[in-house]
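Trainee: Quick one: this structure, given as structure tokens, is what I'll be asking you about.
The values are calculated or read from the model by the stated rules, or taken from the named source; none is laboratory data. In this text the structure is predicted, and so the values were computed from the model without any measurement. Methodologically, a virtual Cβ is constructed for each residue, glycine included, from the backbone with ideal geometry; neighbour enumeration extends over all protein chains shown. Ligands, DNA and RNA are excluded from the accessible area calculation, which covers all protein heavy atoms including side chains. Shrake-Rupley method; radii C 1.70, N 1.55, O 1.52, S 1.80 Å.
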Amino acid sequence: MTSVMHEDGPRGAAGMKRNGSASMRRLFAEGAKGPIGLLAALVVLIVVFSFLNPRFASIENLQNVLFQVSVPLILVVGATLVIQMGSIDLSIEGIMGAAGMTWILLSPNTRTMIDLGLWAWLIALVLGMSLGLMTGVIYAKLKVPSFVVSLGTWYVGLGIAILLYGNNSLPSLTSEALARWPTGLTLGLPHAFWLAALVLLFGLLISNYTNLGRGLMAIGNNEPIARMSGMPVNVYKIGAFAIAGLLGGLAGILATMQLGSGSTDIGFGQLFVVIPAAVIGGTALGGGEGGMIRSALGVVLLIILNNGLVLAGVDPDYQSGVFGLILLFAIIAVAWPERGRLKVAK
Amino acid sequence: MKPDAPVVLRLTNVSRSFGKIKAVRSVSLEIRKGEVIGLTGENGAGKSTLLKILAGIERPDEGRMEINGKVANFKGPNDALKAGVGVVHQEQSLFTNLTVAENIEHQNIERQGLSRFGIHDWGRINREAQKVLEKIGVDLDSRTRVGDLGFVDRQMVEIARAVSVNPDKSGTPLIILDEPTAVLEQAEVEVLEREIRKLREFASVIFVSHRLDEVLRICDRVVVMRHGELTSDRLTEGVTKDELFRAMVHETPSVAMRSRAAPSKEGQAAIEVRNLTRHGRFDNVSFAVRPGEIVALVGTNGSGRGALARALFGAETFDAGTIEVNGKAVSRWTIAKAVRAGLAYVPAERKVEGMIGGYPGTRNIALVHPEHARVGPFLRPRKMAHIAQQWFNRLGVSPNDIHQPLAQFSGGNQQKVVLAKWLNNPELKVLILDHPLRGLDVGVSQAVNREIRKACDNGTAVVLIPDTIEEALEMADEILVLKDGRVSARHDMRSAGELDVREIVSEMV
Amino acid sequence: MTYRSGTPANVEALDRPDKVAATLVRLRRMVSWHVIAPPLVFFAILLVVGIANPAYLGPFGISIATTSAAPILLVALGQAMVLNTGSIDLSNAAIALFGAIIFALTIPDAGIVAMIAVLIVLTLIGAVNGAILAYTQVPSFALTLGTLGILQTAALVTSGSETIYVSENRDLVTALHTIKVLSVPLTFWIGVFAAIFFWALLRFTIIGQNMTAVGKNESGAILSAVPNKQAKIIAFAISGFASGLAGLAIVAQAGSASASGLGSNLLLPGIAAALVGGTSISGGQANPINVVFGALTVAFVPIAAQALGFGAQAQSLVYGIFIIVIVALTTSRTRGAVIK
């Protein structure tokens, strides 16, 4: 007899487990939506692009790809934390602008005669974190949807960058050491990438081994239950945005170093890398799913796609279009099985 | 269970009211270590409020609650959990994206030193969880994702969590299972029963269920609630189902309190369903409603009648079977088509689904059938106001202000407007009502019932999902009893001589 | 047991309220905060500017303010219509810019025909946004972020990353900017007429009633047989159309269009203008006529900043703060609701 069943949950799983084939099933189930699928896509892309342009597979180009990957990789760690709890952070480009401009004006540059050394880093990072903190507090305490708050923060950050830039001349880095640092190689890999890898490690630690990271996953899965079981939900929410802001600041500094001069638009286009990357990495916008490694693979995939297309002779202008299209397909693919007559889509 | 076992839970004269309604009236109850208590009663008998008090979700207005000899004064669900009361709800409270171990231990990680410098020690967390699972005798890998588990296993994880959180290892955990079998298949029920017997060795259990067979099979003692009171507290041994029914249902005159002429059984049905099936919701349901007839669908909360009502209205899909409206079979049934064919649906969730709270009466009434107040694509505000005013007057909506947002009205007056919205259609053929009297006081209920009968007299067919069986007996020409998605009995009230509530309850559970 | 609710005496008592009191109640309801706040805010900022620099209150000032307000107003009107159904359109400014570029490309050859054809195309782009939202049920901010990217590329590619000057038929389009009625250019008047039109649409038509119902309570609307998909598609189509008009206003003012030129930063001012104009971010609340005041307020922000001695650079910062403050002040909060 079929009885009335609960709405969610694979009911067959219990029976399957008892006959012992569950572990196999689980392996495949996770493989299909997890890193294996992404890795396969990566391999296909690499093979195709290598045929289209032999330069693609050269050491120099691969180092170049890793160089380009660094900034979005740092950003995606913060974005993944935020998306895992079911929120969204649209402010990264603005925060990058504010922190990058702050940093270069306090480091050896052609405009201000100030060099605060490590303090410049600290001040820029604190600025980034404060902007994230502001987003988080307004979102969690005033209960304003995160996409609007972070849209506002985007422009606040951008505004700060523009104000700092003022009407004066372009600030360029004068310290050779700083300007060259991102491209310098250690063990064959650019320093910028090492920094990003370190951030990724930090993200993995937060996400998988701390109350904050696990709490964010729980909030994304079911916020009312998280509150009921006594989790400090608001603290976690604010924490996630603060980390995202801090990493946005770091990404802004790195990008400024890579460019060698200050620009208010230093973060331009990053939103179109980071959000599609997290979504194709399996971090559903609804929250509770996905992980750092997968998001990172998503970033690598998109950057390789972009790099390969450019080498294949496609105009770089197509970048935001291609990424926009990928975002579109990714969210539709996620939402398609969930459609329903009474579902409310906002 | 030994009679001298320590008392785990002692309730003394616990009461809780919501406004004028006394949901729990002076309940006193004692549960000893190792006992499995069955708690049963009709929908709305006060069981869920009592559970919420035990779970720390609601606080009692008066009375005293002791757990393991200590006075319990829960400020929230977390306090209850810490005191060793674990409630396994029908809507489960697990994080499906996390592992079994994490779900069991997440509240213990800081307290029991399962992390060092804020970094989780997964090895220890998994081992601790595994120990708890072994203690309650469940064969599960603590590293499994909860989302990959079946329903019974998830319930076991909830039980394990309830057991693990109990900080005072000497105290006995109290596990409350809220309708755990309502969503299970037969084989799963048997597994659950085995697990519950194992729990007995170190815990006390309250097993809440509509299904008397299971209660009698699993429990040592049965407690029955009716209208917020405990009406029976007996050992399972020697008690009969009939005695329990009597405790559950108030003695009512067995003749229906019908107050209108019986409509004909002949003629074309306004709506007829044949073998309608939606997997997991309702199965092979057939019935017909003729103009002027009222057919009541009676059943417990999980019986599938709500889903059936939505399928009739095109709000949900169905997998097999046919719906015929006025003799024509429908295809690709949607809400739009249903409304065009003259169907109407008053949902149970009035505020969320039944109305647009931010709109005044005028617009709410004009929303479904704007054709009565329009010129081409334009609305006619005066005509809208005129129509709304007529309905407000006819149904006695108070305050009589058609321009005030509906959200500012009381529930009863909102329901009148929701009804008016659908009745404002001379072509109304079928009226589907899901709990139309929910939360309404007697006066408004009678006004609503009067309108339903009036619609019937005008040739509308009514499908009614009543709050209570008495309501069905009062209103219906035919009663369909649903159990687990299937029709378990039919009663034609025009020919049924003696029919009482107890008989219907026995067909539901 | 008494039949309290239905007794004739009771009904009559309620039916015969004090006429004066009833009128007052209705008046108070009409003059609720979000109805009078937008003009109040506008006149407050006008006062500030007027005190700091009275020249801005003359014909010259009016002309400057309304000129820069015109594209903001048009984009904001579309945004308000989308917000009213409970969604958001992050792609509308990109539609406006893309529109400006194809206006500049086609008007020299085809004149008025080009204007109409391009407006139709842009309306369709909006409708496609709405259709994808309605049928795939994805979150609108993510969907329109995707289309924003695609439209950015479209703008760059169609313009070849260069500034497109309207060579032939230049007067045809710049007339919209140069012809002024009461010192206010035609582009702004178009916005005012569009606002009145959309206001009437929401207030007096079945389609408008349905759109607002979807924004107020989509579940309730669906179960009241409101065609919710149609409502969303129309709202987004309106957004595409209004953005197209904004594109026209950009070309009229500049005589040219480019992917990074005038009008490339309309998204946030547009949202801010809609919100200052009393539109609710959670849906079901919009008054297009008040959006006119919202757009004027937003356009006055850089002017006010300059009049008060700040540089025009503060603009982005002020817009960002504006949005956060307005939304924080106006969001309706229900207990226990999950905000994502």
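Trainee: Please report, in Å, the Rg and the Dmax of region C:71-265, where both are computed over Cα atoms only.
Mentor: Here Rg and the maximum Cα pair distance are 16.9, 54 Å.
Trainee: Is there a simple number for the mean count of other chain Cβ atoms within 10 Å of the Cβ of residues in A:336-345, and what is it?
Mentor: Mean partner-chain Cβ count within 10 Å for A:336-345: 6.
Trainee: I've got another one for you. Would you mind computing, in nm to one decimal, how far apart the modelled labels at A:Ala312 and B:Val7 are, each placed 7 Å from Cα along Cα→Cβ?
Mentor: Going from the A:Ala312 label point to the B:Val7 one covers 7.8 nm.
Trainee: Further question: Quantify how strongly other chains surround peptide B:151-163 by giving the mean number of their Cβ atoms within 10 Å of each of its Cβ atoms.
Mentor: Mean shielding by partner chains, rounded to a whole number: 2.
Trainee: Follow-up question, since we're still on this one. Which order do the peptides B:96-108, A:238-250 take when ranked by the mean count of other beta-carbon atoms within 10 Å per residue, highest first?
Mentor: Per-residue mean Cβ counts within 10 Å order the peptides as A:238-250, B:96-108.
Trainee: Heavy atoms only, 1.4 Å probe, whole protein assembly: order B:Arg116, B:Arg450, B:Arg382, B:Arg281 by accessible area, highest first.
Mentor: My answer, sorted largest first, is B:Arg382, B:Arg116, B:Arg450, B:Arg281.
Trainee: Then there is this: Calculate one ³J(HN,Hα) per residue across region B:15-26 by plugging θ = phi - 60° into the Karplus curve 6.51 cos²θ - 1.76 cosθ + 1.60, and present them in order as whole Hz with x for glycine and proline.
Mentor: Values, residue by residue: 10, 8, 10, 10, x, 7, 8, 8, 7, 10, 10, 6 Hz.
Trainee: Name the residues of region C:252-285 whose amide N is less than 18 Å from a point 7 angstrom out from the Cα of C:Ser63 along the C-beta direction?
Mentor: Output list for this probe position: C:252-255.
Trainee: Work from the charge dipole of region C:71-265 (Cβ charges, +1 for Lys and Arg, -1 for Asp and Glu, about the Cα centre) and give the residue of C:Val157, C:Ala213, C:Ala175 farthest towards its positive end.
Mentor: C:Ala213
Trainee: In addition: What shape does region B:359-425 have by the C-alpha gyration tensor, where a ≥ b ≥ c are the square roots of the eigenvalues, rounded means a/c under 1.5, and otherwise prolate means a/b greater than b/c and oblate the rest?
Mentor: The shape class here is prolate.
Trainee: Return a whole-number percent for the relative contact order of chain B, with Cα pairs under 8 Å and 6 or more residues apart as the contact set.
Mentor: Values: 995 pairs, mean separation 75.0, N = 509.
Once normalised by length, the contact order is 15 percent.
Trainee: Sticking with this one: Give, as a single signed number, the net charge of other residues whose beta carbon lies under 15 Å from the beta carbon of A:Ala99, with Lys and Arg counted +1 and Asp and Glu -1.
Mentor: Here the charged neighbours net out to -3.
Trainee: Apply 1/(1 + (r/R0)^6) to the Cβ-Cβ distance of C:Phe204 and B:Lys454, taking R0 = 35 Å, and write down the FRET efficiency to the nearest 0.05.
Mentor: It comes out at approximately 0.60.
Trainee: What is the distance in Å between the Cα centroid of region A:266-286 and that of region B:425-466?
Mentor: 52
Trainee: Mind listing the phi-derived Karplus ³J(HN,Hα) values for region C:286-298, rounded to whole Hz, using 6.51, -1.76 and 1.60 with θ = phi - 60°, and x for any glycine or proline?
Mentor: Residue by residue, region C:286-298 yields 7, 9, x, 5, 5, 4, 4, 5, x, 5, 4, 4, 5 Hz.
Trainee: Provide the per residue accessible area, probe 1.4 Å, for region C:203-252, rounded to a whole number of square angstrom.
Mentor: The answer is 20 Å² per residue.
Trainee: Suppose we keep just the alpha-carbon trace of chain C; what are its Rg and Dmax in angstrom?
Mentor: Final numbers for Rg and Dmax: 21.9, 84 Å.
Trainee: Please find the FRET efficiency linking C:Ala55 to C:Phe193, where r is the Cβ-Cβ separation and R0 is fixed at 45 Å, and quote it to the nearest 0.05.
Mentor: Calculated value: 0.95.
Trainee: Grab the beta carbon distance between C:Ala117 and A:Asp265, set R0 = 35 Å, and tell me the FRET efficiency rounded to 0.05.
Mentor: Efficiency at R0 = 35 Å is approximately 0.55.
Trainee: Could you work out the Kirkwood radius for region B:97-165, taking every pair of different alpha carbons, averaging 1/r and inverting it, reported in Å?
Mentor: 11.8
Trainee: With a cut-off of 8 Å between alpha carbons and a minimum separation of six or more residues, what is the relative contact order of region B:359-425 in percent?
Mentor: Computed value for region B:359-425: 47 percent relative contact order.
Trainee: Give the B-C buried accessible area in Å², both sides summed, 1.4 Å probe, nearest 100.
Mentor: Looking at B and C, the buried total is near 2800 Å².
Trainee: To continue, here is another question. Just to confirm the number: angle between the C-alpha axis of helix A:271-280 and the first principal axis of chain A, 0 to 90 degrees, nearest 10?
Mentor: 30
Trainee: Here is a further query. Between B:Asp121 and B:Arg64, what is the label-to-label distance in nm when each label sits 7 Å out along the Cα-to-Cβ direction?
Mentor: For the pair B:Asp121/B:Arg64, the computed spacing is 4.3 nm.
Trainee: Once label points are set 7 Å from the Cα along Cα→Cβ at both B:Asn326 and A:Trp336, what is their separation, rounded to one decimal in nm?
Mentor: Taking the two extended label points, one gets 3.9 nm.
Trainee: Order the peptides B:353-366, B:52-65, B:197-210 from the highest to the lowest mean number of other Cβ atoms within 10 Å of their residues.
Mentor: In decreasing order of mean packing, B:353-366, B:52-65, B:197-210 become B:353-366, B:197-210, B:52-65.
Trainee: Determine the calculated [θ] at 222 nm for the protein assembly as shown from helices alone, applying -39500 (n - 2.57) to every DSSP H run no shorter than 4 residues and normalising by the residue count; nearest 500 deg cm²/dmol.
Mentor: Dividing the helical sum by the residues of the protein assembly as shown leaves -17500 deg cm²/dmol.
Trainee: Another question, then. Quick check for me: using +1 on Lys/Arg Cβ and -1 on Asp/Glu Cβ, what's the dipole size of chain C about its Cα centre, in debye to the nearest 20?
Mentor: Its charge dipole is roughly 1100 debye.
Trainee: Under 5 Å between amide H atoms, partner at least 5 residues away or on a different chain: which partners does B:Val430 have, H built in plane at 1.01 Å?
Mentor: B:Leu343, B:Ala344, B:Ala461
Trainee: Would you work out if chain A is rounded, prolate or oblate? Take a ≥ b ≥ c from the square roots of the eigenvalues of the alpha-carbon gyration tensor; rounded if a/c is under 1.5, else prolate when a/b is larger than b/c, oblate otherwise.
Mentor: In terms of gyration-tensor shape, oblate.
Trainee: Let me check against my output: what whole-number percent is the relative contact order of chain A, with C-alpha pairs under 8 Å and at least 6 apart?
Mentor: Over chain A, the number comes to 30 percent.
Trainee: Another one. How large is the dipole of the protein assembly as shown about the Cα centre if only Lys and Arg carry +1 and Asp and Glu carry -1, each at its Cβ, rounded to the nearest 20 debye? Let's see the in-between values first.
Mentor: Numbers: 104 positive and 90 negative charges, 328 e Å.
Computed about the Cα centre, the dipole is about 1580 debye.
Trainee: Can you give the Rg and Dmax of the protein assembly as shown based on its C-alpha atoms, in angstrom?
Mentor: My reading of the Cα-based Rg and Dmax gives 33.1, 103 Å.
Trainee: Among the chymotrypsin sites (Phe, Trp or Tyr not before Pro) in region B:85-137, which ones are in a DSSP loop with at most 10 other Cβ atoms within 10 Å of the Cβ? Mind listing them? Mind dumping the intermediate values first?
Mentor: Numbers: sites: B:Phe95, B:Phe117, B:Trp122; in loops: B:Phe95, B:Phe117.
When the chymotrypsin sites (Phe, Trp or Tyr not before Pro) of region B:85-137 are filtered for loop state and at most 10 Cβ neighbours within 10 Å, B:Phe117 remain.
Trainee: Between region A:83-125 and region C:99-176, what is the separation of their alpha carbon centroids in Å?
Mentor: Centre-to-centre (Cα) distance: 35 Å.
Trainee: Charges on Cβ only, +1 for Lys and Arg, -1 for Asp and Glu, centred on the Cα centroid of the protein assembly as shown; of A:Met217, B:Val146, B:Ile31, which one is farthest towards the dipole's positive end?
Mentor: B:Ile31
Trainee: Taking each residue of A:139-150 in turn, how many C-beta atoms of other protein chains fall within 10 Å of its C-beta, and what is the average? If you can, show how the numbers build up before the last one.
Mentor: Numbers: counts 3, 1, 1, 7, 9, 11, 8, 3, 9, 12, 4, 1.
Partner-chain Cβ atoms within 10 Å, mean over residues of A:139-150: 6.
Trainee: Show me, bin by bin at 5 Å from 0, the whole-percent P(r) of region A:245-344 based on Cα pairs.
Mentor: Once binned at 5 Å, the Cα pair distances of region A:245-344 give 3, 11, 17, 20, 20, 14, 8, 4, 2, 1, 0.
Trainee: For C:Val325 and C:Thr178 in the same chain, what is the full-extension length gain: residue separation times 0.36 nm, less their Cα-Cα distance, in nm?
Mentor: 49.3 nm
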